[in-house]
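The values are calculated or read from the model by the stated rules, or taken from the named source; none is laboratory data. These numbers come from a predicted model, not from an experiment. Remember, those area values only see protein heavy atoms, side chains included, never the ligands or the DNA or RNA. Shrake-Rupley method; radii C 1.70, N 1.55, O 1.52, S 1.80 Å.
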Amino acid sequence: MIIHAPELARPFFISKYLALARCVVDTHERVLKENGSNGHYFGNSTTYLDIAALAGLLTFRKTFIHLVPELLVPLDKTNAPEINNAVEILSKDPAFASYISALETCNNAE
């Protein structure tokens, strides 16, 4: 993992991660856009995939924001507008909000 890499090797691992992350982000961006930029991966209502994908993203952000902030660049509003739009839309959905609330409770218990 990048946070455990020797200091001299970190730039190498970060550059490899950023290249891979760009591919993953581009795929998510494309799928969200092809579905009409409505904040959902499929259809017009919240599905398990919406919750799982975006809960994973929020957990990733929370984990790495202080450890290796460079890892979050592919997910910022400029580089991932569809993903960030989905987070904003789903944050207002009661199904997603209750899941995130439970996730935050678990994270705060650590």
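Remarks
- For VAL31, the solvent-accessible surface with a 1.4 Å probe is about 40 Å², rounded to the nearest 10.
- The chain: angle of helix 94-108 to the longest principal axis, Cα-based, in degrees nearest 10: 30
- Surface accessible to a 1.4 Å probe, per residue, for the residues of the chain, Å²: 62
- Helical contribution to [θ] at 222 nm, DSSP H n ≥ 4, -39,500 (n - 2.57), averaged over the chain, rounded to 500: -20500 deg cm²/dmol
- Rolling a 1.4 Å probe over the protein heavy atoms of the chain, with every protein chain left in place, gives an accessible area that is 64 percent carbon and sulfur.
- Heavy atoms of LYS92: accessible area, 1.4 Å probe, square angstrom to 10: 150
- Order of exposure, largest accessible area first, which applies to TYR48, TYR17, TYR99, TYR41 with probe 1.4 Å: TYR48, TYR99, TYR17, TYR41
- Among LEU75, LEU49, LEU32, residue whose mean-square fluctuation peaks in a GNM of the chain (springs only between Cα atoms under 10 Å): LEU49
- Degrees, to the nearest 10: 81-91 long Cα axis against longest axis of the chain: 60
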